[in-house]
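*Asks:* Okay, handing you the structure first.
Bear in mind these aren't lab numbers, they're just calculated from the coordinates by the rules spelled out. Model, not experiment: these values are computed from the prediction. Don't worry about glycine lacking a Cβ; one is built from the backbone with ideal geometry, like all the others, and counts go over all protein chains shown.
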Amino acid sequence: MITWYEMKPVELDYLASAPAIWTMEAEVRAPRQSVWEAFADATTWKDWFPHVEEASYDGSPPYGVGTIRRSNVAGALHVETMLAWDEFSRWGYRVDQATARLSTAQIEINEFRDSPTGTTVRWIIACQPLDEFTFLAGDRPMEEFLTELHEEAMQGLEAFLKIR
């Protein structure tokens, strides 16, 4: 039997008021449209984002704000609602339910902008973390852990886009 934990249904304004906000940036040597398309295609996440075992949207395309995304990350299941779907510039979601209790409210937003080498991807996590969330980082500061995870994901995305 799976236990689901309900999260607070926060909106984009939570980016300014969450108790914990982390922002990471990394470069991807690929055009912004290609980066956007990989983010927007939930089925590709398992090919480039660490620990993502599966991700998909409910329903049929077109997808956008309000679409439900389901993911399995390191064995933890998530139900998410898309909050941002601004083609080629912003994509993100709120976590509505999860089988791992890491926070009581959480949104994740990714922003894309052109850079001299391709695309800068900014990842923003805004949440009300529980002790289990910060436990993920081990002995490292959370910012360091998330920065390394983001850099690994963007390197994976870059490699995925080269062979695609």
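*Asks:* Identify which of Thr104, Thr23, Thr117 has the largest mean-square fluctuation in a Gaussian network model of the chain, with springs joining Cα atoms closer than 10 Å.
*Replies:* So, out of Thr104, Thr23, Thr117, the one fluctuating most is Thr117.
*Asks:* Something else about it: Quick one: if you stick a label point 7 Å off each Cα along the C-beta vector at Thr99 and Ala76, how many nm between them?
*Replies:* If labels sit at Thr99 and Ala76, their model points lie 1.3 nm apart.
*Asks:* Any idea what the dipole of the chain comes to, in debye rounded to 20, about its Cα centre with Lys/Arg Cβ at +1 and Asp/Glu Cβ at -1?
*Replies:* Result for the chain is approximately 260 debye, rounded to the nearest 20.
*Asks:* Could I ask something else about it? Arrange Met142, Met1, Met24 by Cβ neighbour counts within 10 Å, fewest through most, would you?
*Replies:* Starting with the residue having the fewest Cβ neighbours, the order is Met1, Met142, Met24.
*Asks:* If you average 1/r over all unlike Cα pairs in the chain and invert the result, what Kirkwood radius do you get in angstrom?
*Replies:* Hydrodynamic radius (Kirkwood, Cα pairs) of the chain is 16.1 Å.
*Asks:* Along the charge dipole of the chain, Cβ charges K/R +1 and D/E -1, which of Ala153, Leu83, Met142 sits furthest on the positive end?
*Replies:* Highest projection toward the positive end goes to Leu83.
*Asks:* Continuing with this model, one more query. List the residues, sorted by chain then number, that are 5 or more residues from Leu130 or on another chain and whose placed amide H is less than 5 Å from its amide H.
*Replies:* Residues meeting the amide H criterion: Ser103, Thr104.
*Asks:* State, to one decimal in nm, how far the label point of Thr117 lies from the label point of Asp131, with both points 7 Å from Cα in the Cβ direction.
*Replies:* For Thr117 paired with Asp131, the spin-label model returns 4.0 nm.
*Asks:* Ok, one more. Per DSSP H run of at least 4 residues, take -39500 (n - 2.57); add these up for the chain, divide by its residues and hand me the 222 nm value, nearest 500 deg cm²/dmol.
*Replies:* Mean residue ellipticity, 222 nm, calculated: -7000 deg cm²/dmol.
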